[in-house]
Structures are given as structure tokens and as C-alpha cells.
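The values are calculated or read from the model by the stated rules, or taken from the named source; none is laboratory data. Computed from a prediction, not measured in an experiment: that's the story for all the values here. Using ideal geometry, Cβ is built from the backbone for each residue, glycine included, and neighbour counts are taken over all protein chains shown. Heads up: the accessible areas ignore ligands, DNA and RNA and are worked out on the full protein's heavy atoms, side chains in. Shrake-Rupley method; radii C 1.70, N 1.55, O 1.52, S 1.80 Å.
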Amino acid sequence: MANHSQLGFQDASSPIMEELVQFHDHAMMVALAICSLVLYLLTLVLTEKLSSNTVDAQAIELVWTILPAAVLITLALPSLRILYMMDEINEPDLTLKAIGHQWYWTYEYTDFKDLTFDSYMVPTTDLPLGHFRLLEVDHRVIVPTHSTVRVIVTADDVLHSWAVPSLGVKTDAIPGRLNQTSFLASRPGVFYGQCSEICGANHSFMPIVVESVPLANFENWSSLLSS
């Protein structure tokens, strides 16, 4: 999860998030190069003496037409690649349905019979020592590590958004509509998120906690909860 005064992203815990972090670094290097060039030209204009000699206008137009187009291509191609990767869901190992309410989440494991529960934020007065205030829930989402999980997201009342930054997941929950996304947790751990849509007075009090565990532990948990 994020730390105080943290400027960068959270540690990537899925292949998609790793790609997003790499694309962010790539875009920042392109922006840095553009800013350096503009700053150099501004400094040159302010320090050099004015001269009546001008460069051929056709050459200048050629440069300032081709150069921005090349920059846009270097940004667009990796971006489109990541977009297609995020939309691709091939034979998921597990399907999870997340339903947003005011102000809690309901989860349904559609591959199992009668495996559903509500997830509420733990009040500060009941929070165990060492847990995170405003982020811990009474029932976590348990998923197997190294397994593709498809998440179907919807809402029961108003707009919500199911977002877990370290997994690279953020999908709007819209009443009467089913949106879907997917993620693959590359390591065991606990990953925190929150509703990213302003859904009402308690908008900031409906956190999301995803816990990634080995497959054997997930099977034991699901069998206990289903029985």
C-alpha cells in the first residue's frame, strides 16, 4: 500500500500494473526531453542577439510537423498495446462479481455454490492493533496467486468504482450494467483499494481488500465458507 509522502506508484503486484508503470516512466522521459528542448530554445532566443537572417520556412515547417507526429507515435503504440492487454480476458480461472452498495461491497464467487458475502469497513473503535484505519474490512476478497481472476462489477444504487491500484484495476460500477476486468496477482499478499467514485456521504468509507494466497489455501477457505 502507499506510504506517507510517497510520490511514485505502489509496488506492482500484477503484470498489467508492471506494464503501466513502465509506460508511465516512458511517457515521463518523453515529456522530460520535450521540456528540455523547449527550455533550450527559449534560452537561445533570450540570450542570442537578434538577426535578420532567417532559416528557410519550409525546413522549419517540416521539422515541427514530423517531430510532434513521431512523439505521438512513440506514446500511442505502447498505450494501445496496454489497452488491448487490459481488455483481453482469455479463459479466466476464477470469476468474481463485485456489487457496490451505499456504502459497502457484496462479493459473489459465481464458480461456487452459495459463496457470497458482504464486505464492510472495520470501524476505528473495533480495529485490531497493527491494521490500517479506514482501509481494513471485516471480510476480505480471497483469490489464488498466479491465477487469472475475472471481476464483474456492477452497482445496486448509485455509481461506484472498484479500484485496487497495486493490481492495476479500476472499473466503474454502474447500476443496470455489467462491466468486467481481470487481474493476476503475481505474489501472495494483501492489496488495498477504495471506491474511486464520489458516491455519497460515506464515499471514503467503502474500502476494498484483496488477499492473494496459494491455491491450496484458497481451496481450503472456499470449502469452509461454502459448507
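In the condition set (1) open to solvent by less than 90 Å² (accessible area, probe 1.4 Å); (2) closer than 29 Å to H131 by Cβ, S5 is compliant with all but (1).
Every test in (1) within 25 Å of L20 (Cβ to Cβ); (2) open to solvent by 50 Å² or more (accessible area, probe 1.4 Å); (3) more than 19 Å from the chain's Cα centre (by Cα) is passed by Y84 save one, and that test is (3).
Please note which strands (runs of 3 or more DSSP E) are completely contained in region 113-227 and include at least 1 residues that are open to solvent by 40 Å² or more (accessible area, probe 1.4 Å).
Details: elements: 116-119, 141-144, 148-155, 160-164, 169-173, 179-184, 189-195, 207-213.
Where strands (runs of 3 or more DSSP E) fall fully within region 113-227 and carry at least 1 residues being open to solvent by 40 Å² or more (accessible area, probe 1.4 Å), they are 116-119, 148-155, 169-173, 179-184, 189-195, 207-213.
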